[in-house]
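Asker: Have a look at this one.
Please treat every number below as a calculation from the coordinates, not as lab data. Please read all numbers here as calculations on a predicted model, not as lab measurements. Please note: Cβ atoms are built from the backbone with ideal geometry, for glycine as well, and neighbour counts cover all protein chains shown.
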Amino acid sequence: MSKKASEHHKKASEHLTHAAHHHGEAAKHHEAGSHEKAAHHAHVARGHVIHGRGHAEEAVKAHLEAHGKK
């Protein structure tokens, strides 16, 4: 795998890990009745998901550039 693709996979993984953390925080705050805090964490989680998806797409592009389309 190309170094570029590998880096994008790592970044995607990091963003999705952060998203999971923020979803957990959102759940905790929601259960406690802190709906503003829950909404904040849910919103931040969504941003990480979007960035993670972008890196995943870039990883695929980098892989195709390095190894050709089949």
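Asker: Looking at (1) in a helix (DSSP H, G or I); (2) at positive phi, can you tell me which one Gly33 breaks?
Answerer: Going through the list (1) in a helix (DSSP H, G or I); (2) at positive phi, Gly33 breaks only (1).
Asker: Another question about this same structure. Restricting to the stretch 1-50, name every residue that is over 28 Å from Lys61 (Cβ atoms) and among the basic types (Lys, Arg).
Answerer: Lys28, Lys37
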